[in-house]
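The next block holds one structure in the form of structure tokens; read it before the comments.
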Amino acid sequence: MHQLAAFLRESEQILADFDAWREEHSDLDGWPLDDDEHSRRAVKRDADTWRSFNRVRSFAKELLATAEVQVQQLNPAHLQSRWPWQLGVLDDALKQLGTLQQQWLEARDALPPSARPGSFAYDDALAERNEEAWSYLDDWASHGKALLEIQAAAQDHPLRPPALTSATTHVRPAAPAVAPSASARR
């Protein structure tokens with residue numbers, strides 16, 4: 001949980017730094033004054049966010065599984081109605097990040113031997129993975145706090161024994177008609 005909390009803090013700071021720079025270097029309509037510098041900053045934001053999430057990625061599936069069990073065992077009076085939806089968003093994002101990582105590893109292995117970190121071919125392929133991962137990383141930055149909230153609720157309130165857990169508490173509701181958007185954070 002400490003690593004998740006660190007990622008949440010870092011990702012918030014990375015995005016705040018990018019947004020502050022973008023606001024200062026955009027025209028009144030929000031268009032960047034320097035497209036090349038804007039692209040470089042976005043590439044750095046994406047890479048920094050991926051690097052920060054990497055400390056959580058290896059055990060994120062276990063965090064989600066634990067939270068799922070805790071949500072099932074918490075007294076319904078102690079549940080937030082958004083938690084099942086948020087867990088679904090995090091699970092979907094993690095699957096997409098896994099797919100992108102696998103594609104990156106395959107692309108990296110297909111690069112010529114001269115393509116090493118620092119070469120255009122390597123760095124461009126890596127930047128592409130990071131760019132495609134950005135919205136999923138942003139989902140984790142936006143909704144990852146739910147895991148901390150669920151953990152806190154599980155520590156503060158007695159859990160029901162698994163045998164008493166009702167199947168209806170585990171039903172994931174469909175996404176709301178107007179779901180909160182990850183782009184709202186950008």
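Under a no-solvent Debye model with one identical scatterer per Cα of the stretch 5-80, what's log10 I(q)/I(0) at q = 0.15, 0.20, 0.22 Å⁻¹? Values returned for q = 0.15, 0.20, 0.22 Å⁻¹ are -0.68, -0.87, -0.96.
Working from label points 7 Å from Cα in the Cα-to-Cβ sense, the Ala152 to Leu64 distance is 2.3 nm. In sequence order, the stretch 11-23 has phi-based couplings of 5, 5, 5, 4, 5, 4, 5, 5, 4, 5, 4, 4, 5 Hz under the Karplus curve 6.51 cos²θ - 1.76 cosθ + 1.60, θ = phi - 60°, and Gly or Pro positions carry x. Extension gain for Asp34 to Met1 (0.36 nm times residue separation, less C-alpha to C-alpha distance): 8.0 nm. Once the mean 1/r over all distinct Cα pairs of the stretch 57-121 is inverted, what Kirkwood radius in angstroms do you read off? Answer for the stretch 57-121: a Kirkwood hydrodynamic radius of 14.6 Å. Percent of Cα pairs in the stretch 36-167 per distance bin of 5 Å, from zero to the largest separation: 2, 10, 17, 18, 14, 11, 9, 7, 5, 4, 2, 1. Taking a sphere under 13 Å around the Cβ of Gln151 and counting the other residues whose Cβ falls inside, with K and R at +1 and D and E at -1, yields a net charge of -3. Taking amide H as placed 1.01 Å from N in the peptide plane, the amide H of Ser26 sits under 5 Å from that of Leu33, each at least 5 places away or on another chain. What the Cα convex hull of the stretch 43-83 gives, in volume per residue, is 81 Å³.
Throughout, read-outs are computed from the coordinates displayed, never taken from laboratory work. Just so it is clear, the model here is predicted, and its values are computed rather than measured. Cβ atoms come from the backbone with ideal geometry, glycine included; neighbour counts cover every protein chain shown.
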